[in-house]
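The values are calculated or read from the model by the stated rules, or taken from the named source; none is laboratory data. Source: prediction; values computed, not measured. Virtual Cβ from ideal backbone geometry, glycine too; neighbours counted across all protein chains shown.
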Amino acid sequence: MTTQDRRAGDDRRLEAVLLAGGPQPVARYVLDVPSQKWWWSDELFEMHGFAPGEVVPTTALMLAHKHPDDLARVEDVLADVTSTGAPFSCTHRIIDARGRTRVLGVVGQGDVDGVTGQVTRVVGYFMDLTEAQEALVQEQATRAINASAERRATIEQAKGALMVVYGLDDDEAFEILRHHSSITNEPVRDLAARLLDSFVGGPAGTFPSREDLDHFFETPRQARQGRSAR
């Protein structure tokens, strides 16, 4: 996957968070293209860590605050809109004057002179997506933790069955699962899930018999050997 593909994916996920969440801080800007002079609303000064009017906004200042990994992409977007005027949207990171990393979304388009065909100014909005991004990261982390817990619970249940039926300790039970997962060429969690599924529906609170487990573990080995013999 290329960096561009990853960024496109990040933008789509951020868009989903924005559509589902509340309003985001919004700021306005105007860039006079011939002079390269910017006008910022008070909110845009604040997004960059400045008090309103504390600095004179310039293209150089804007670019100086872009995250190094996002700078080239932002430069390309700026070059395109100032030469064509085409509408654009872009999500990128900045490092504000206080050293904090923020995630900003920016949209805009250029005004084109009808006589010369030159872009005279670019107007649009910045949105501070930092909180939305943090919520997205937290959501992804929670999802990963829950999935990991589910995998562990499945393996623990399967190990418990082996420990009771075969009289094994924890490490020995896991080694059986690991060994047979290598034979069937599947993750331990998937093997454990199949094992649990194989005796679902029996009397409540009962474990499979030794013969049930022997059959479960021997059947895939026999099928594999049969295919090899052919």
*Kindly indicate whether LEU129 is modelled with pLDDT under 80 and surrounded by 12 or more Cβ atoms within 10 Å (Cβ to Cβ).*
no
*Please state which of the following conditions ALA72 fails to meet, knowing it meets all the rest: (1) part of a helix (DSSP H, G or I); (2) in contact with a helix residue (DSSP H, G or I) (Cβ under 7 Å, 6 or more places away or on another chain).*
(2)
*Please specify each residue of segment 75-105 satisfying the condition of being assigned to a strand (DSSP E or B), among the small types (Gly, Ala, Ser) and either more than 22 Å from GLY49 (Cα to Cα) or not assigned by TED's automatic domain parsing to the domain that holds MET62 (or both).*
SER89
*Kindly indicate which of PRO25, PRO87, PRO52, PRO34 is surrounded by fewer than 17 Cβ atoms within 10 Å (Cβ to Cβ), touching a residue at least 60 places away in the same chain (Cβ under 8 Å) and either in contact with a helix residue (DSSP H, G or I) (Cβ under 9 Å, 6 or more places away or on another chain) or closer than 15 Å to MET127 by Cβ (or both).*
PRO25
*asked:* Can you go through ALA141, ALA135, ALA51 and tell me which one is of a type in the set (Gly, Ala, Ser), modelled with pLDDT of 90 or more and not in a strand (DSSP E or B)?
replied: ALA51
*Quick check, is ASN185 loosely packed, with under 13 Cβ neighbours inside 10 Å, at pLDDT 85 or above and not assigned by TED's automatic domain parsing to the domain that holds GLY85?*
yes
*Hey, can you tell me all the residues within segment 106-119 that are farther than 18 Å from ASP76 by Cα and either among the small types (Gly, Ala, Ser) or in a strand (DSSP E or B) (or both)?*
ASP111, VAL112, GLY114, GLY117
_If I filter segment 100-109 for residues that are loosely packed, with under 14 Cβ neighbours inside 10 Å, within 23 Å of TRP39 (Cβ to Cβ) and at pLDDT 90 or above, do I get at least one hit?_
no
*Any residue at all in segment 9-19 that is surrounded by fewer than 13 Cβ atoms within 10 Å (Cβ to Cβ), among the charged types (D, E, K, R) and either modelled with pLDDT under 90 or within 25 Å of the chain's Cα centre (by Cα) (or both)?*
yes
